[in-house]
């Protein structure tokens, strides 16, 4: 089942361009008990390491000669961080990197990796971590972005291969409970492969050289979550405003997933601004169901005079947070939350054939420019804040993502900064619009092999 963690509503609005309104979900949307695995990683080329994945993923494996890294980090980004390579932003340093393309006739992203490139080989990412403390819980391993393919091992066991993990913009979730050992150190190893020339990877064009590794690596967040027998995923709130924008009807939804083999009876709960809702639910063994709290079922979800979300120069970016949990008896099996804004986005053609956008019934003039992340996807919250401040200082209200889905922190900041977002996807040649009227979605899940 191919799904993305982010919430999307696909709306083709133009053959040339579209404007995306952020769905206002923040980085912590979803499970509320994340443990990030971002520190104390080691990195090395498979051309330098002859050990296999089942050996590398055992606690205590000797990595003294490996590169040290914190993630998210591409391979070249990690090598720059540990001073193996010089600062690519200075002089002609980038041009001196091994494997760098010097062609001015063809985009490197559309070329085969050179045979003598150090990134022709796969690269290993490895770390050690403690298992979740509470026995009996399910442990979930999440990757929000791997570029491009990977084999993954936990404690000597292969949990996924390149037929499962392939795609820059896919998110993955694995139930690794049976592979963990409580009370001792656990190990995780990934063998990562760069994208091929026909893969939909991270590409750069004429105004920015493609790094020699083609941005291969773990480029987004990695974290653990835990749950009881029933996990709560993909929390979502959709809103429908009346014609006068004086009332709103909300629908709260989430996926309840029974991870056990036995049937489960429980109670999903939802809480929003003091509104408490619940309903009984029974799930067969291994079953999943989208649980909905609708205004028809729960009249409290019909709001009078709601505080709407507005772009800056038009109003305040009012946000709300819905909290969800699933209880079995008196025990909480799992929790999740989602932050959202109540608003309506529409578009129409004028009598001159131009596209006119409205937010909450009011016309909005789109004023924007292109936006691209750091060449090596190095992250700086301070730089993001400064860059978005420039957006407002220039009186822009839109940014266009240059074919790259950035980290969730950008969407969170856009939601509070009251700016809009627009994404171009030059290789796919189709254009999408974000809305808070999308169905719940979740990362891809895989049935893992039984431990031998």
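The values are calculated or read from the model by the stated rules, or taken from the named source; none is laboratory data. Quick caveat, the model's predicted, so the values are computed rather than measured. Note that we place each Cβ from the backbone using ideal geometry, even for glycine, and neighbour counts take in every protein chain shown.
Worth pointing out:
- Near pairs, Cβ below 9 angstrom, 6+ apart or cross-chain, from the stretch 167-191 (at positive phi) to any residue that is surrounded by 17 or more Cβ atoms within 10 Å (Cβ to Cβ): 167/146; 167/147; 167/148; 167/149; 167/199; 167/201; 183/131
- Of all residues in the stretch 362-384, those being touching a strand residue (DSSP E or B) at 6+ places or on another chain (Cβ under 8 Å) and either touching a residue at least 40 places away in the same chain (Cβ under 8 Å) or under 25 Å from residue 402 (Cα atoms) (or both) number 11.
- Taken residue by residue, the stretch 369-380 has no member that is surrounded by 13 or more Cβ atoms within 10 Å (Cβ to Cβ) and either over 20 Å from the mean Cα position of the chain (by Cα) or in the same structural domain as residue 249 (by TED's automatic domain parsing) (or both).
- For the stretch 232-248, the set of residues classified as under 18 Å from residue 308 (Cβ atoms) and under 28 Å from the mean Cα position of the chain (by Cα) consists of 237, 238, 239, 240, listed by residue number.
- Of the strands (runs of 3 or more DSSP E) lying entirely inside the stretch 195-282, those containing at least 1 residues that are surrounded by 15 or more Cβ atoms within 10 Å (Cβ to Cβ) and in contact with a helix residue (DSSP H, G or I) (Cβ under 7 Å, 6 or more places away or on another chain) span 247-258, 275-278.
- Odd one out for residue 333 among (1) surrounded by 19 or more Cβ atoms within 10 Å (Cβ to Cβ); (2) in the same structural domain as residue 237 (by TED's automatic domain parsing); (3) on the phi > 0 side of the Ramachandran plot: (3)
- Exclusive hit being part of a strand (DSSP E or B) and either at pLDDT below 95 or under 30 Å from residue 204 (Cα atoms) (or both), set 336, 369: 369
- Failed criterion for residue 197 (all others in (1) farther than 27 Å from residue 62 by Cβ; (2) free of Cβ contacts under 8 Å to residues at least 12 places away in the same chain hold): (2)
- Hits in the stretch 126-154 (condition: surrounded by fewer than 22 Cβ atoms within 10 Å (Cβ to Cβ) and in a loop (DSSP other than H, G, I, E, B)): 131, 132, 133, 134, 135, 136, 137
- Which numbered condition residue 286 misses (of (1) within 17 Å of residue 362 (Cα to Cα); (2) assigned to a loop (DSSP other than H, G, I, E, B)): (1)
- The set of residues from the stretch 289-316 being at pLDDT 95 or above, out of contact with any helix residue (DSSP H, G or I) (no Cβ under 9 Å at 6 or more places or on another chain) and part of a loop (DSSP other than H, G, I, E, B) comprises 296, 297, 298, 305, 306, 307, 308.
- Tally of residues being touching a residue at least 24 places away in the same chain (Cβ under 8 Å) and either assigned to a strand (DSSP E or B) or surrounded by fewer than 20 Cβ atoms within 10 Å (Cβ to Cβ) (or both) across the stretch 110-119: 5
- Residue satisfying condition, being assigned to a loop (DSSP other than H, G, I, E, B) and out of contact with any helix residue (DSSP H, G or I) (no Cβ under 6 Å at 6 or more places or on another chain), within set 78, 64: 64
- The residue that is nearest to the chain's Cα centre (by Cα), among those in the stretch 76-88 that are touching a residue at least 12 places away in the same chain (Cβ under 8 Å) and surrounded by fewer than 19 Cβ atoms within 10 Å (Cβ to Cβ), is 81.
- Any hit, the stretch 393-409, residues being assigned to a helix (DSSP H, G or I) and either at pLDDT 85 or above or in the same structural domain as residue 202 (by TED's automatic domain parsing) (or both): yes
- Scanning the stretch 162-192 for residues that are closer than 23 Å to residue 117 by Cβ and under 20 Å from the mean Cα position of the chain (by Cα) turns up 162, 165, 166, 167, 168, 190, 192.
- Test: residue in the stretch 402-409 that is surrounded by 19 or more Cβ atoms within 10 Å (Cβ to Cβ), without any contact (Cβ under 8 Å) to a residue 40 or more places away in the chain and under 30 Å from residue 242 (Cα atoms): no
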